[in-house]
Amino acid sequence: MKRQIGIVTLLFLMGCTPEPTNEGTEPPPAEESTRDESATSEESNTTEETELNIGEVTVIAENLEIPWSLARSADEWFVSERGGTIAVIDDSGRVTQSAVNLDEDVFEIGEGGLLGIALSDDFESSGILYAYHTYGSSGRDVKNRVVELTWDGERFEETGVLIDEIPGARFHNGGRLLVDGAYLWVTTGDALVPELAQDESSLAGKILRIPLSGEGEPTDWIYSLGHRNPQGLSRMDDTLYASEHGASGHDEVNVIEEGNNYGWPLIEANEEREGLVTPWFEVGETSWAPSGIATDERYVYMATLRNERLVAINRETKQVTTIGEGVGRIRDVWLDDDTLYFISNNTDGRGNPQSQDDKLYQVTIR
């Protein structure tokens, strides 16, 4: 029986990557043509620090198909693949592309598809995880939903719906998930309609905190608003960080607090207006196209697509250290003790795939 829950109708790798092309054969909308996840970044003006002791970047697994999100169980990696499969990687590096059986088919369009995944706290016993995916039948009928999946060791089966009918589009779908006790955090994009980010009746351009009990109505779950396309979430010491794509450079990392309005499209970067929040960190005029993030006591670690680097941002000084580069676009990062794991994203139509891309990598930090 399905449960229906609150339904709403690397410096250390050799070589460099050639400049990537835009996705597919169809150019992005006008304001996107030089922005978001395409093209190669120039050097930023941020300061490099050297206190981190960074090891050699090594490959764990290869031949991933447009990977988007990383999750780890006791003995396996789970990597969502935008076309609608989840790659299961064992500790030997063997990759198995596993089917995901859904009531609504994954609609892979532009930046949409099967995006964020997150394991439940009791995954080892229940097999339950959560997934964010795009669905619909045309470019004018694109939506996103968050579902509960159950893993039986061979396939993933939809066993519940947490929320659906999140506005979607070819671009700006958000899609990052984070399990936090009795809640699931969810990022949504503005679905290419900027004013929706300020519309308190819309789920677009928001960060949601959904109770896993399903209590309340979807608009009750809006935790913050004024977001353009947030693609990273991480919580440390009761501080929630979110990374976000800017419109033309000025990508952000924000400290998310309940009820705050982060300004899009009324302000961007360090512009100020009463009642709107300026970012904790912004990259400047040259875009990095940030995606997944992870945090520890000292740093926010951030995967970047256009910047093609894994970076560490000091939580006190906001100085930036490059952890890894030379593997192309980087989509997500996972921290486990003194090791960072991350996935490249060169097979998404905007990168230049190298041999056996895409890959899961690891690098030690001390």
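Within region 210-234, the set of residues being of a type in the set (D, E, K, R) and over 16 Å from the mean Cα position of the chain (by Cα) comprises E215, E217, D220. Within region 157-196, the residues that satisfy the criterion of being touching a Gly at 6+ places or on another chain (Cβ under 9 Å) and small (G, A, S) are G160, G168, A169, G174, G175, G189, A191. Kindly indicate the residue of region 153-174 that is acidic (D, E) and modelled with pLDDT of 95 or more and also farthest from S137 (Cα to Cα) among those meeting that condition. Applying the filter and picking the extreme gives E157. Does A204 count as at pLDDT 95 or above, more than 23 Å from W280 (Cβ to Cβ) and of a type in the set (G, A, S)? Against the criterion (at pLDDT 95 or above, more than 23 Å from W280 (Cβ to Cβ) and of a type in the set (G, A, S)), A204 does not qualify. One residue stands out in region 297-328 among those that are buried (at least 17 other Cβ atoms within 10 Å of the Cβ) and assigned to a loop (DSSP other than H, G, I, E, B): the one that is farthest from the chain's Cα centre (by Cα), namely R315. Among the small types (G, A, S) and more than 21 Å from the chain's Cα centre (by Cα) - does that describe any residue in region 163-174? The answer is no, given that none of the residues of region 163-174 is among the small types (G, A, S) and more than 21 Å from the chain's Cα centre (by Cα). Of the listed requirements (1) farther than 29 Å from G328 by Cα; (2) part of a loop (DSSP other than H, G, I, E, B), L196 misses just one: (2).
Annotation: of all residues in region 114-128 being touching an Asp or Glu at 6+ places or on another chain (Cβ under 7 Å) and hydrophobic (A, V, I, L, M, F, W, C), the one that is farthest from S98 (Cα to Cα) is I128. On the stretch given as region 171-203, residues that are in contact with a helix residue (DSSP H, G or I) (Cβ under 6 Å, 6 or more places away or on another chain) and among the hydroxyl-bearing types (S, T, Y) total 1.
Does D190 satisfy the condition of being surrounded by 18 or more Cβ atoms within 10 Å (Cβ to Cβ), more than 21 Å from L102 (Cα to Cα), at pLDDT 95 or above and acidic (D, E)? Yes: the conditions hold for D190.
Restricting attention to region 110-161, the residues that are more than 23 Å from N173 (Cβ to Cβ) and within 15 Å of the chain's Cα centre (by Cα) add up to 0.
Of all the listed residues (S213, S234, S224), the sole one being more than 20 Å from G112 (Cα to Cα) and modelled with pLDDT under 95 is S213. Does G174 satisfy the condition of being touching a Ser or Thr at 6+ places or on another chain (Cβ under 6 Å) and either closer than 30 Å to R315 by Cβ or assigned to a helix (DSSP H, G or I) (or both)? Criteria met by G174.
Only a single criterion out of (1) over 20 Å from N254 (Cα atoms); (2) more than 20 Å from the chain's Cα centre (by Cα) is not satisfied by D199, namely (1).
The values are calculated or read from the model by the stated rules, or taken from the named source; none is laboratory data. If you're wondering where the values come from, they're calculated on a predicted model, not measured in any experiment. Reconstructed Cβ throughout: ideal geometry from the backbone, glycine too, with neighbour counts over all protein chains shown.
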